[in-house]
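The values are calculated or read from the model by the stated rules, or taken from the named source; none is laboratory data. If you're wondering where the values come from, they're calculated on a predicted model, not measured in any experiment. All Cβ positions, even for glycine, are placed from backbone atoms using ideal geometry, and neighbour counts span all protein chains on display.
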Number of protein chains: 2
Amino acid sequence: MQAKPDEPRIGRPRDARANQAILRATLELIAERGVHGFRTQDVAARAGVGKGAIYRRHRSKDDLVMASVAALVDEEIVIPDTGSTRADLAALMREAVELYRSSLPGRLMPNLVSAMTERPDLAQAVREGFLIRRRSALTEVLRRGVERGDLRRDVDLELALDVLGGPLFYRLLITGGPLDEQLAEGVTELILRGFAPNKPSRAKGARKAKEHS
Amino acid sequence: MQAKPDEPRIGRPRDARANQAILRATLELIAERGVHGFRTQDVAARAGVGKGAIYRRHRSKDDLVMASVAALVDEEIVIPDTGSTRADLAALMREAVELYRSSLPGRLMPNLVSAMTERPDLAQAVREGFLIRRRSALTEVLRRGVERGDLRRDVDLELALDVLGGPLFYRLLITGGPLDEQLAEGVTELILRGFAPNKPSRAKGARKAKEHS
DNA sequence: GTGATCCGGTACTCGATAGTTCCATAAGGG
DNA sequence: CCCTTATGGAACTATCGAGTACCGGATCAC
């Protein structure tokens with residue numbers, strides 16, 4: 001990506017800190033009041049800028065929302081590799097649970113859902129911005145699990161991912177159930193048992209029927 | 001429940017059909033435009049009534065939303081009882097998938113989610129109105145499965161219910177993944193395998209006993 | 001009939017807010 | 001210095017829609 005060609009070369013340059021502050025304030029306000037519920041004047045106040053500074057950077061409120069969500073990306077996810085499929089899955093799940101339980105994405109998501117249905121670009125931004133990374137991390141761990149003989153060879157990956165993530169979002173968005181370690185470990189355990197190979201006597205890892213958890 | 005004491009005894013009575021038409025039109029418009037996005041004048045137009053008729057029945061738009069959602073209840077759910085835990089679970093899941101794939105609740109839910117976070121009464125109405133019935137039907141089927149020896153005795157019911165329902169809502173609200181029979185049967189199968197008793201020696205002699213502790 | 005409340009429909013009030021404009025001033029390049 | 005664009009802040013415009021008021025007419029009880 002080259003430098004933007006339409007950037008003005010003369011005059012006072014834009015305050016780079018304001019860019020960040022505006023996006024950040026917008027995200028917080030979306031979390032608090034919803035995509036349609038927040039006011040641009042509140043964004044300005046919280047970011048410590050004038051409304052003009054916002055509209056100089058973003059055509060409209062919709063544009064601002066889109067840019068804010070697009071700017072929200074997970075930090076890089078480290079794919080755990082302890083040698084134990086159970087440990088690796090549980091680690092990723094605990095991370096996810098913690099993320100949605102206590103930080104911005106968790107407070108944001110309920111308010112983004114409805115907007116996603118009517119704005120495909122926003123939906124795509126949410127999915128690709130910070131779902132896809134975790135999904136691919138999980139995919140990799142599952143793939144290794146298959147190779148290791150912990151999971152059956154014909155695992156329905158799409159289903160497995162949705163079973164890992166679904167209950168988390170279900171509780172977050174609908175039931176209000178607890179986002180805790182028990183959830184993370186419960187679904188991990190379920191995936192391991194549910195997608196275990198048919199014949200436990202199989203191949204390398206030499207896992208006996210006897211399990212210790 | 002007695003007759004409402006504040007009903008007027010004299011004058012022209014209210015048109016009972018209008019009550020229904022208003023609630024129905026409101027639900028459709030919530031599905032189309034969202035809880036905050038629809039206009040009362042559109043409700044009036046679609047229901048074939050005047051705005052006055054709406055405000056005579058409901059104090060405010062918020063009140064109208066609440067009443068509409070509260071009026072949305074599942075038809076009675078018949079708990080299947082074929083003798084097969086797998087068949088019973090799968091039947092309930094196929095029903096649920098079909099419901100959210102093609103009818104009003106499925107189009108409504110994405111738009112209700114954000115409103116639920118800021119209005120606890122609405123959240124409660126959604127949960128008790130048409131989640132609880134399906135959850136208790138599933139609970140009963142799971143309970144029978146435990147008695148029958150198809151599921152382990154210490155099954156985490158809350159987790160099981162969220163694993164059954166979570167992926168469905170996850171796809172509906174977030175990923176946009178397919179709501180189909182494969183999903184219904186996939187989660188059913190996973191629950192059965194994942195929560196299978198440790199000792200397969202029980203009951204119908206399909207599996208051979210490996211270990212006895 | 002009389003009186004009360006309903007009906008659908010239209011017109012209105014009025015608060016809220018997205019987006020614009022203007023100001024005095026700051027911060028770049030030449 | 002000069003020119004240009006940016007700054008925060010305040011004032012302004014224009015739109016939208018909830019809620020109200022009123023219309024002529026309908027439908028109940030008495």
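Can you tell me which residues in the stretch B:132-141 are of a type outside the set (V, I, T), surrounded by fewer than 23 Cβ atoms within 10 Å (Cβ to Cβ) and either within 13 Å of another protein chain (Cβ to nearest Cβ) or farther than 20 Å from B:L112 by Cβ (or both)?
B:R134, B:R135, B:S136, B:A137, B:E140
Within the stretch A:13-49, which residues are at positive phi and either of a type in the set (F, W, Y) or loosely packed, with under 14 Cβ neighbours inside 10 Å (or both)?
Passing the criteria: only A:G48.
Out of all the residues in the stretch A:30-51, which are more than 13 Å from DNA strand D (Cβ to nearest atom) and of a type outside the set (A, V, I, L, M, F, W, C)?
Answer for the stretch A:30-51, where residues must be more than 13 Å from DNA strand D (Cβ to nearest atom) and of a type outside the set (A, V, I, L, M, F, W, C): A:E32, A:R33, A:G34, A:G37.
Output the number of the condition that B:D156 fails; it satisfies all remaining conditions of (1) within 12 Å of chain A (Cβ to nearest Cβ); (2) buried (at least 19 other Cβ atoms within 10 Å of the Cβ); (3) under 26 Å from B:L192 (Cα atoms); (4) not polar (S, T, N, Q).
(2)
Of the numbered conditions (1) under 18 Å from A:A25 (Cβ atoms); (2) without any contact (Cβ under 8 Å) to a residue 60 or more places away in the chain; (3) surrounded by fewer than 21 Cβ atoms within 10 Å (Cβ to Cβ); (4) not small (G, A, S), A:T117 satisfies every one except a single condition; which is it?
With (1) under 18 Å from A:A25 (Cβ atoms); (2) without any contact (Cβ under 8 Å) to a residue 60 or more places away in the chain; (3) surrounded by fewer than 21 Cβ atoms within 10 Å (Cβ to Cβ); (4) not small (G, A, S) applied to A:T117, the lone miss is (1).
Mind telling me which of the residues A:L99, A:L108 ends up being under 21 Å from A:R171 (Cα atoms), more than 14 Å from chain B (Cβ to nearest Cβ) and either surrounded by 18 or more Cβ atoms within 10 Å (Cβ to Cβ) or among the aliphatic types (A, V, I, L, M) (or both)?
On the way: A:L108 fails: more than 14 Å from chain B (Cβ to nearest Cβ).
Testing whether each residue is under 21 Å from A:R171 (Cα atoms), more than 14 Å from chain B (Cβ to nearest Cβ) and either surrounded by 18 or more Cβ atoms within 10 Å (Cβ to Cβ) or among the aliphatic types (A, V, I, L, M) (or both) leaves just A:L99.
Residue check, A:Y55 against (1) touching a residue at least 24 places away in the same chain (Cβ under 8 Å); (2) within 16 Å of DNA strand D (Cβ to nearest atom); (3) more than 26 Å from B:G176 (Cβ to Cβ), all met but one. Which one?
So the condition that A:Y55 fails would be (1).
Among B:R193, B:R202, which is the only one that is of a type in the set (D, E, K, R), over 27 Å from A:V35 (Cβ atoms) and at pLDDT below 95?
Unique residue meeting the criteria: B:R202.
Can you tell me which residue is farthest from the other protein chains (Cβ to nearest Cβ) among those in the stretch A:164-181 that are under 15 Å from the mean Cα position of the chain (by Cα), of a type in the set (A, V, I, L, M) and within 23 Å of B:D180 (Cα to Cα)?
Filtering first and then ranking leaves A:L164.
Given the criteria in a loop (DSSP other than H, G, I, E, B) and at pLDDT 95 or above, does A:A184 qualify?
On the way: in a loop (DSSP other than H, G, I, E, B): no; at pLDDT 95 or above: yes.
So A:A184 fails the test.
Being part of a loop (DSSP other than H, G, I, E, B), in contact with a Gly (Cβ under 9 Å, 6 or more places away or on another chain) and at pLDDT below 95, is that true of even one residue in the stretch A:6-20?
Within the stretch A:6-20 (the criterion being part of a loop (DSSP other than H, G, I, E, B), in contact with a Gly (Cβ under 9 Å, 6 or more places away or on another chain) and at pLDDT below 95), the answer is no, since none of the residues qualifies.
How many residues are farther than 21 Å from B:L122 by Cα and surrounded by fewer than 23 Cβ atoms within 10 Å (Cβ to Cβ) if we restrict to the stretch A:161-189?
Going through the stretch A:161-189 one residue at a time, the tally reaches 9.
Given (1) closer than 30 Å to A:A31 by Cβ; (2) without any contact (Cβ under 8 Å) to a residue 40 or more places away in the chain, identify the lone condition not met by B:S84.
Condition (1) is where B:S84 drops out.
Any idea how many residues of the stretch B:120-130 are without any contact (Cβ under 8 Å) to a residue 12 or more places away in the chain and surrounded by 18 or more Cβ atoms within 10 Å (Cβ to Cβ)?
1
From the list A:L131, A:L104, A:L142, pick out the single residue that is modelled with pLDDT under 95 and closer than 26 Å to A:G177 by Cβ.
A:L131
Tell me the residue from B:L89, B:L64, B:L23, B:L27 that is touching a residue at least 12 places away in the same chain (Cβ under 8 Å), under 24 Å from B:S103 (Cβ atoms) and near DNA strand D (Cβ under 8 Å from one of its atoms), please.
B:L64
Being at negative phi, surrounded by 12 or more Cβ atoms within 10 Å (Cβ to Cβ), away from chain A (no Cβ under 14 Å) and within 15 Å of DNA strand C (Cβ to nearest atom), is that true of even one residue in the stretch B:63-78?
Checking the stretch B:63-78: at least one residue is at negative phi, surrounded by 12 or more Cβ atoms within 10 Å (Cβ to Cβ), away from chain A (no Cβ under 14 Å) and within 15 Å of DNA strand C (Cβ to nearest atom).
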